[in-house]
1. Sorted by average packing, counted as other Cβ atoms within 10 angstrom per residue and highest first, what order do 130-143, 69-82 take?
2. Could you calculate the contour length gain from Gln212 to Val89, that is, 0.36 nm times the residue separation minus the distance between their Cα atoms, to one decimal place in nm?
3. In what order, largest first, do Arg59, Arg310 sit by accessible area if the probe radius is 1.4 Å?
4. For Asp73 and Glu149, compute 0.36 nm times the residue count separating them, minus their Cα-Cα distance, and round to one decimal in nm.
5. Rank these by accessible area, largest first, 1.4 Å probe: Thr37, Thr249.
6. What order do Lys158, Lys93, Lys211, Lys241 take when sorted by accessible area (1.4 Å probe), most exposed first?
Amino acid sequence: MRDCMVLMLLVLVLAVSLQSADADKKSGGQQSRKCGTKQCRAGQQCSTGPDGEKTCVCRKVCNQRKALTCGSDGRTYYNKCELHRIACVEGRKLKINHKGACPSNNDVPVNDVEKKSGKQTSPLVCYEVQRDELRRLLVDWVKHRAVSEGRPYNATVKQLFQECDQDKNSILGADEMLQCLEVFRTDAKDTDAHILRALCIDALIKAASVKQNWVLSEPELQKLLQPDFVAPPKDCQLENKHYKDGDETQVDCNVCACACGDWVCTGAPCRKNKRNTGVPGPVYKGRLPMQEERVRFLQGFKAAKEVNIRAVQDEVAKKQYSQDVAEQLKSLNKKNTKH
């Protein structure tokens, strides 16, 4: 009798567990997309601002598990997450047609590093997301230093300018900023990250330099490191068309990437029997840097020891989201004015 009761109890516990698991499946993982009182849509993530307010923003990165998915626009996406992320970023309505690549698809999988013609080496470039993360990182570092030294924020930026201006000519070049802020490493594997940081410092200087002369005065550095400063996004132009940051195209045997408003190309020599016409090929959506690449890129700076990298990315995403909303409102106001 006792054995029968124990057996019935075990069956009851198992049934309750199965019902709980079934309920979780039916919920579709909605708990993970909850953002305060709101529910983030597919392709979005919850971001918490400095004031504690929770906001749904478009994902900057997805997991890198390859699960090709055919979208309703006829394009092949790397996985479902990437389809929803791009739909959110570009403000489009996209649905999943079916698993796997689209039939007779001449395009390449979005976010895939392999081109149809075989593996291509993309140029080493600083994308806007890296430039903005680096700026956010430096801002947080200056804030921390200002508090620890008991000095006002702007006075701390002034002190930083004086420390980095090694030749004391009252202007700050990219080399001076890099030498002043970077933790030099002897690890040869970090060479690419070192070059990227130099490229991103160039991009930051370009974003804040009034004369576009690749150097910063002290007022320009103050402007660049103000917490509310937003580096302006810039499109690349090609044959009277505009392309977003991260787009790639092929010119003969080389790959060109749109980065911070400029096309940057690899310099591989083409085969002798291939005429170098310089005519661009089709434009693909390039692969933006993955999480571990961005972490390695930021860890080369002294400031990286003072800040949480995920918090930096969330802050960048929130700034970009706010700017996108402002641009949409501006566009709507223009349309209403015309009517």
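1. Values: 130-143: 22.3, 69-82: 20.2.
The most tightly packed comes first, giving 130-143, 69-82.
2. Numbers: separation 123, 0.36 × 123 = 44.28 nm, distance 2.92 nm.
So the extension gain works out to 41.4 nm.
3. Numbers: Arg59 85, Arg310 110 Å².
So the residues, ranked largest to smallest area, are Arg310, Arg59.
4. Working: separation 76, 0.36 × 76 = 27.36 nm, distance 5.50 nm.
In short, 21.9 nm is gained.
5. Working: Thr37 145, Thr249 5 Å².
The most accessible residue leads, giving Thr37, Thr249.
6. On the way: Lys158 95, Lys93 200, Lys211 165, Lys241 120 Å².
Reading off the accessible areas and sorting them downward yields Lys93, Lys211, Lys241, Lys158.
The values are calculated or read from the model by the stated rules, or taken from the named source; none is laboratory data. Keep in mind that what you see is a predicted model, and the values were worked out from it rather than measured. With ideal geometry, Cβ positions are generated from the backbone for all residues, glycine too; neighbour counts draw on all protein chains shown. Areas reflect the complete protein model, heavy atoms only, side chains present, ligands, DNA and RNA absent. Shrake-Rupley method; radii C 1.70, N 1.55, O 1.52, S 1.80 Å.
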